[in-house]
Amino acid sequence: MQKNKLIKNTFLLVLGGLITKVLGFVIKILYTRYLKDDGVSLITLVFPTYSLLLTISNFALPLAVTKFIAENKDRKSKILFNSFWITMIINILIISLFMFLSNSFSIYLLHDERASFLIKILCFTLPFVSTTSLIKAYYYGKEFVVPVIFSNISEEIIKLSLVIFFLPKMVSKGVMYGASFYLFINFICEVISFFTLSIFLPKKINIKKLEYRYDSNIKNRLLKISIPTLSGKLIGNIGYFLEPIILTNLLLYKGLDVNYIRLNYGYFEGYVIAILTIPSFFLNALSNNLIPVISKCRINKNINQIKKIIKKVFLMILIGGLLFISLMFIFGKDLMYLLYKTNNGYKYLKVLLPFFILFYLENPLMVILQSLNQEKNVFKITTYGIIIKYIVLILLIMLNIGFMSLIYSEIINILFVITLNIYYLRKYFSYFSQ
């Protein structure tokens with residue numbers, strides 16, 4: 001029964017994710033053509049900061065909520081409302097802080113004062129992203145994925161409509177108007193997503209006043225799951241956040257032009273990584289379904305079932321990844337030109353392709369470890385991976401490898417992280433075989 005539910009939910013999420021991904025790619029094509037290289041590079045510049053702030057604002061609570069609800073048969077609404085209290089406090093602190101720091105941060109660290117206003121827009125998006133993430137986690141924990149699929153698709157349809165009808169008018173007023181409006185669209189879509197998810201709540205829901213109240217016991221249990229997970233995510237996002245800062249400053253020191261650095265980083269993040277992560281809709285669907293299923297197997301001490309699930313996950317990802325990588329080797333250059341009307345950055349794509357089949361295993365493996373209460377090991381993996389990546393990046397830049405230093409350090413990071421993931425997973429199972 002559990003196996004059938006996993007397959008059914010994964011299929012639904014993959015189907016919904018495929019529709020969302022197609023819509024997302026149409027949006028990507030349009031917005032990159034409207035905003036051109038300068039606008040895309042500007043948005044790419046602020047996204048590592050947004051990613052870091054989003055990780056802090058979520059506090060890894062979505063994963064904790066999914067696990068907690070999957071493992072507990074009662075008090076589901078109380079779990080959800082207590083997670084809201086935590087994220088609300090964190091979001092208020094983040095918004096207050098960055099209203100004052102964004103100007104200095106943009107000038108001295110990102111070297112582009114235009115980024116300040118964009119960061120402020122993204123900050124006001126955070127509370128809505130946190131809230132919708134928690135509601136989605138609630139549905140994942142109950143293994144009811146239809147609301148999530150419906151919300152994601154409707155969100156992309158609205159976003160596409162706004163991009164088609166309003167973004168060209170804003171871009172005609174200037175790059176900053178266009179970039180600001182594009183980020184404001186995310187705010188609008190998150191608000192709509194919240195109301196869409198709310199539609200699927202039970203009609204005759206009976207929520208007592210006690211459910212709304214802060215409960216220190218539930219808070220402590222949620223944080224016991226979320227804090228180790230957050231530590232790993234935070235390290236990963238700090239690394240992503242520091243990437244353009246370290247890269248820009250070191251390459252400037254070596255004599256490269258700031259516009260060359262910004263444009264190439266835009267090609268790498270905006271074009272190359274966007275193509276390489278096309279299979280993410282499938283990987284996300286698989287990962288989100290693995291959390292409740294493996295958590296329940298762990299509670300029931302069904303180790304053999306966990307091993308079977310992991311083998312099937314490996315097989316699906318490797319076959320799908322190999323097929324995608326093969327297609328990109330043949331049609332990658334044509335696809336890039338079709339999507340973005342440029343082949344800028346294709347040389348980076350060509351170098352990274354063989355290694356991304358291993359990258360596709362990273363997130364599912366980490367989710368499996370987290371579901372097995374191995375959050376501390378996930379933290380170690382992420383931390384060691386970031387340290388190795390930046391040691392390699394700095395050394396290669398000092399050796400005058402130029403922008404390719406980022407590509408090579410990314411490859412080393414993938415190989416190192418996947419090796420550690422497999423090592424800790426094998427170590428976990430060897431404990432039970434003794």
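The values are calculated or read from the model by the stated rules, or taken from the named source; none is laboratory data. What you see is a predicted model; the values in this text were computed from it and never measured. Here the Cβ is made from the backbone with ideal geometry for all residues, glycine too, and neighbour counts use every protein chain on show.
Annotation note: Cβ proximity below 9 Å between a residue of segment 342-356 that is within 8 Å of Val272 (Cβ to Cβ) and polar (S, T, N, Q) and a residue that is modelled with pLDDT under 90 and assigned to a helix (DSSP H, G or I) (sequence gap 6+ or interchain) occurs for no pair. Among the criteria (1) at pLDDT below 85; (2) surrounded by fewer than 13 Cβ atoms within 10 Å (Cβ to Cβ); (3) assigned to a helix (DSSP H, G or I), the one Ile330 does not fulfil is (1). Within segment 376-390, residues that are free of Cβ contacts under 8 Å to residues at least 24 places away in the same chain and under 15 Å from Ile227 (Cβ atoms) have Cβ atoms under 9 Å from residues that are surrounded by 17 or more Cβ atoms within 10 Å (Cβ to Cβ) and aromatic (Phe, Trp, Tyr) in no pair, counting only partners at least 6 apart in sequence or on another chain. For beta carbons closer than 8 Å, sequence separation of 6+ or different chains, a first residue in segment 92-108 that is in a helix (DSSP H, G or I) and among the hydrophobic types (A, V, I, L, M, F, W, C) and a second that is at pLDDT below 85 and surrounded by 12 or more Cβ atoms within 10 Å (Cβ to Cβ), the qualifying pairs are Phe98/Phe105; Phe105/Thr49. Scanning segment 95-112 turns up no residue that is under 28 Å from Gln370 (Cβ atoms) and buried (at least 19 other Cβ atoms within 10 Å of the Cβ). Quick check on Ser295: is it modelled with pLDDT under 85, hydroxyl-bearing (Ser, Thr, Tyr) and over 16 Å from the mean Cα position of the chain (by Cα)? It is true that Ser295 is modelled with pLDDT under 85, hydroxyl-bearing (Ser, Thr, Tyr) and over 16 Å from the mean Cα position of the chain (by Cα). Among the residues of segment 256-274, is there at least one that is surrounded by fewer than 19 Cβ atoms within 10 Å (Cβ to Cβ), farther than 17 Å from Ile357 by Cα and of a type in the set (Gly, Ala, Ser)? No, that holds for no residue. For segment 77-86, the condition of being closer than 18 Å to Phe124 by Cβ and either buried (at least 16 other Cβ atoms within 10 Å of the Cβ) or under 23 Å from the mean Cα position of the chain (by Cα) (or both) holds for at least one residue. Filtering segment 360-409 to residues that are in contact with a Leu (Cβ under 7 Å, 6 or more places away or on another chain) and of a type in the set (A, V, I, L, M) leaves Leu365, Val367, Ile368, Leu369, Val378, Ile381, Leu393, Ile394, Ile397, Leu406, Ile407. The set of residues in segment 390-434 being under 17 Å from Asn363 (Cβ atoms) and among the charged types (D, E, K, R) consists of Glu410 alone. Figure legend. Inter-residue proximity from segment 322-335: first residues over 16 Å from Ala274 (Cα atoms), second residues of a type outside the set (Ser, Thr, Tyr) and surrounded by 12 or more Cβ atoms within 10 Å (Cβ to Cβ), beta-carbon distance below 9 Å, spacing 6+ or different chains. Indicated pairs: Leu322/Ile357. All of Met336, Met316 fail the test of being modelled with pLDDT of 85 or more and either crowded, with 20+ Cβ neighbours inside 10 Å or closer than 17 Å to Val22 by Cα (or both), apart from Met336. If the Cβ limit is 7 Å and pairs must be 6+ apart or interchain, which residue in segment 11-31 that is touching a residue at least 12 places away in the same chain (Cβ under 8 Å) and closer than 16 Å to Thr277 by Cβ pairs with which residue that is among the β-branched types (Val, Ile, Thr) and not in a helix (DSSP H, G or I)? Pairs found: Lys21/Ile278.
So, Leu23, is that one over 19 Å from Lys341 (Cβ atoms) and either basic (Lys, Arg) or at pLDDT 85 or above (or both) or not? So Leu23 fits the description; yes. Contact map, segment 393-404: residues that are surrounded by 15 or more Cβ atoms within 10 Å (Cβ to Cβ) paired with residues that are assigned to a helix (DSSP H, G or I) and among the hydrophobic types (A, V, I, L, M, F, W, C), Cβ distance under 6 Å, separation 6+ or inter-chain. Pairs shown: Ile397/Leu250.
Within segment 279-301, residues that are under 19 Å from Tyr428 (Cα atoms) and in contact (Cβ under 8 Å) with a residue 24 or more places away in the chain reach partners that are among the basic types (Lys, Arg) and buried (at least 21 other Cβ atoms within 10 Å of the Cβ) with beta carbons closer than 7 Å, at six or more positions or on different chains, in the pairs Ile291/Lys67; Ser295/Lys67.
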